[in-house]
Amino acid sequence: MTLTLMFLGKGGSGRTTMAIAAAKKYAGQGKKVLLMGQTAGPALSMMLGTELGPDPVEVAPNLQALQIQAATLLERGWDEVKTLEKEYVRTPFFRDVYGQELGVLPGMEGALALYEVKKYEADKKYDVIVLDGTGDKEMLRLIGAPEIMSWYIRRFRQVILDSDVIKAVSPFIQPLSSAVLNVDWAADNFAQPTDQVNKLIDTAKEAIANPQRVAAYLVSTGDPMAIATARYLWGSAQQANLTVGGVILNQTEVNDQIASEFDPLPVVSVPNRPTDNWQPLIDALPDFSQAAMAPRPITINEAQSQVSLFLPSFDKKHIKLTQYGPEVTIEAGDQRRNIYLPPSLRGKPVTGAKFQNGYLTITF
């Protein structure tokens, strides 16, 4: 099983430095490691002393690295789209559109980076993938996208199937889809393709929810703004169902005040790296294998009819709870999360909600 490790924090807090140190730490333990740089620019190549491109290159024993280049990945992905189109569509729409013509739209780079992580994780060639990403709220939104997409498919599929429009046009859908497509998408089996998509999404959701497969660490300096940003990203990560395993203080000693800001997460301090000697920094890093010991974003206790969410950095006034049918929606800050309740709790109304010590406990 491959572990994907990422770092969250304010720009300039040292995320790239920690990503390199973590990759070197695992490589030194004999693990096969891939370090992936998402942020454009020469910084990662310069820090590693190796010119990086979109494909993995060896930078040290057991350690390979690459620099995500969105235009190149978009071109490669477009070729895959055209291959699938040729397989399923009788008259391809995109055959005269070439990947070399495509420009990178805002948001594409992050999505392509996560797609690359998924691809290399599926290869099972590496024990650890370290993503040096943007480490911000937008990255967390992308990580939470599978859960959001699952909700859209789940809710809108049923709306479509129950609508008078689909019932009226269903006799005409099958002949049309057979004429244009090589698949059967009549109303009666509309659920089949969406079920297949849901299976893929559920696989991604399970990976993100498992801290032995995907985990994040907060990186901060002693600057109050950096600490506040790290705390905000901590709560946002929980809303994306991503476990945060601990906090790394860059060139800052741990004191009681800082420790209380991130309680109950473990907080470690790492020294400055003035030379090319990475070992003191590597030695000061936390034990990343302990990420699973951190509070989980959500726990469901069916026996007690309770759902508990860990929402650190938020207080009661930041949280909004609503219930629609079999789901509960939690809004914290500017992020929403839809919780699809287990069968034993579906249809039961919320009878109580309590927010205490960072936990929102909902009773049915």
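The values are calculated or read from the model by the stated rules, or taken from the named source; none is laboratory data. Worth saying up front: this structure is predicted, and the values here are computed from it rather than measured. Reconstructed Cβ throughout: ideal geometry from the backbone, glycine too, with neighbour counts over all protein chains shown.
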Original post:
Restricting region 245-281 to residues that are touching a residue at least 60 places away in the same chain (Cβ under 8 Å) and surrounded by 19 or more Cβ atoms within 10 Å (Cβ to Cβ), which is farthest from P312 (Cα to Cα)?
Top reply: R273
Original post:
Looking only at region 322-340, which residues are within 27 Å of P264 (Cβ to Cβ) and either out of contact with any strand residue (DSSP E or B) (no Cβ under 6 Å at 6 or more places or on another chain) or not hydrophobic (A, V, I, L, M, F, W, C) (or both)?
Top reply: T329, E331, G333, D334, Q335, R336, R337, N338
**OP:** Being surrounded by fewer than 16 Cβ atoms within 10 Å (Cβ to Cβ), out of contact with any Ser or Thr (no Cβ under 8 Å at 6 or more places or on another chain) and hydrophobic (A, V, I, L, M, F, W, C) is the filter here, so list the residues in region 22-70 that pass it.
**Re:** A40, M46
Original post:
Which of the strands (runs of 3 or more DSSP E) contained wholly in region 262-364 include at least 3 residues that are of a type outside the set (A, V, I, L, M)?
Top reply: 306-310, 319-324, 327-332, 335-340, 352-356, 359-363
**OP:** Confirm whether T361 is surrounded by 12 or more Cβ atoms within 10 Å (Cβ to Cβ) and free of Cβ contacts under 8 Å to residues at least 24 places away in the same chain.
**Re:** no
Subject >> Lone qualifier among E147, E116 - being of a type in the set (D, E, K, R) and over 19 Å from A19 (Cα atoms) >> reply: E147
Original post:
Which of (1) more than 29 Å from F7 (Cβ to Cβ); (2) modelled with pLDDT of 70 or more does S170 not meet, given it meets every other one?
Top reply: (2)
**OP:** Identify the residue in region 282-297 that is among the aliphatic types (A, V, I, L, M) and surrounded by fewer than 17 Cβ atoms within 10 Å (Cβ to Cβ) and, among all such residues, is nearest to the chain's Cα centre (by Cα).
**Re:** A292
